[in-house]
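For reference, the structure discussed in these notes is given below.
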Amino acid sequence: MVDYQEILNSIYAKLQKRVDKGKVASYIPELANVPKEKFGIYLNRIKGENYCVGDWEEPFSIQSISKVLSFALAFSKLKNQVFRRLDVEPSGNPFNHLSLLEMENGIPRNPFINSGAIVIADMLLSMLDDPKNDFLAFVQGITNDPTIQFNKTVAASEAETGYGNYAAANLLKSFGNLENDVDRVLDFYFHQCSIEMNCKQLSNAFYLFANRGKCMQHTTHLSINQVKRINAIMLTCGFYDEAGEFAFEVGLPGKSGVGGGIVALLPNEFVLSCWSPGLNEKGNSYLGMLALEEFTTQTNLSIF
Ligand code: GLN
């Protein structure tokens, strides 16, 4: 029998000692205040047991991890129509890159880079009666946790300095790929990114992607086919220009955010969340990437 707790403990003990923990994101001023020493891991096995270590109970800003959840909601409602306005190819570029968007006539490469997530935010804005609250209710529902909230201070902080996202949204608008007003779309997008979760909540939120579309309460939110597609996009696009490296080193579908969270999963087996706010030069959690690599190496559990 694999001793998962022992594996998590050893990964934590080894990595926490590292002097180099990466750099905390500072382009969103509020995120720069989070201490670099924080490090937590939570493993949710689909069969039922859970294991945790470190700061797994402390909430952090999920940032781009929210792109999977907003895409899941849009995909569940609009089905394959979502692909009329964006593609599913890895961009090979940073999450906030703009020149490809211009070259490709305002069609984002995939829903997990900023421009793609802004198009999804626009779709949700057109479709939901009370967009922010309805999206939050969806996230609370799949996680079975009504305490999950936006962090309005983080959303406001990003709205003040999010020039790249204003540029992306304006470019999308100029190509006719944004229905709503730029400010309204970005207000929704900055709020979705500001959602806070701890490692346990994040693992629970992604449970349905490892469990054929059924969340922890066995409610079906997505078809098996939709989950297959979402996991495929996570594998190929979840880590921007480090997606190849993540598939190579870790071998799982997953998603990162500049708040230092990473969630990865093995269908029918587990969801594993890590949080450490220091980032590598590609904007992914430095210790989180190493922790996931250690985990799949030690357990030999990966999709390959
Ligand atoms: N809110 C951030 C942004 O739009 C999310 C980026 C990320 O987590 N990679 O820049």
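The values are calculated or read from the model by the stated rules, or taken from the named source; none is laboratory data. Here the structure is a predicted model, which is why all the values come from computation and not from measurement. Neighbour counts are summed over all protein chains in view; Cβ atoms, including those assigned to glycine, are modelled from backbone coordinates with ideal geometry. For accessibility, only protein heavy atoms count, side chains too; no ligands or nucleic acids. Shrake-Rupley method; radii C 1.70, N 1.55, O 1.52, S 1.80 Å.
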Can you pull out every residue in region 133-190 that is part of a loop (DSSP other than H, G, I, E, B), under 24 Å from Tyr27 (Cβ atoms) and either within 15 Å of the ligand (Cβ to nearest atom) or under 19 Å from the mean Cα position of the chain (by Cα) (or both)? Gln149, Phe150, Asn151, Gly162
Counted residues, region 126-156 - those being touching a Leu at 6+ places or on another chain (Cβ under 8 Å) and crowded, with 16+ Cβ neighbours inside 10 Å: 8
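So that you can scan it fast, the table gives a plain yes or no per residue for (1) among the basic types (Lys, Arg); (2) within 18 Å of Cys193 (Cα to Cα):
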site	(1), (2)
Ala72	no, yes
Arg84	yes, no
Ser91	no, no
Leu98	no, no
Glu102	no, no
Arg109	yes, no
Asn114	no, yes
Taking region 87-114 as the search range and keeping residues that are closer than 16 Å to Glu242 by Cβ and among the small types (Gly, Ala, Ser), which one is surrounded by the fewest Cβ atoms within 10 Å (Cβ to Cβ)? Gly92
Within region 272-304, the residues that are under 12 Å from Ile65 (Cβ atoms) and touching a helix residue (DSSP H, G or I) at 6+ places or on another chain (Cβ under 7 Å) are Ser273, Cys274, Trp275, Asn284
Within region 40-58, can one find any residue that is open to solvent by 40 Å² or more (accessible area, probe 1.4 Å), within 16 Å of the ligand (Cβ to nearest atom), free of Cβ contacts under 8 Å to residues at least 60 places away in the same chain and at negative phi? no
How about region 208-225: which of its residues are open to solvent by 20 Å² or more (accessible area, probe 1.4 Å), under 25 Å from Phe83 (Cβ atoms) and not β-branched (Val, Ile, Thr)? Asn211, Arg212, Lys214, His221, Ser223, Asn225
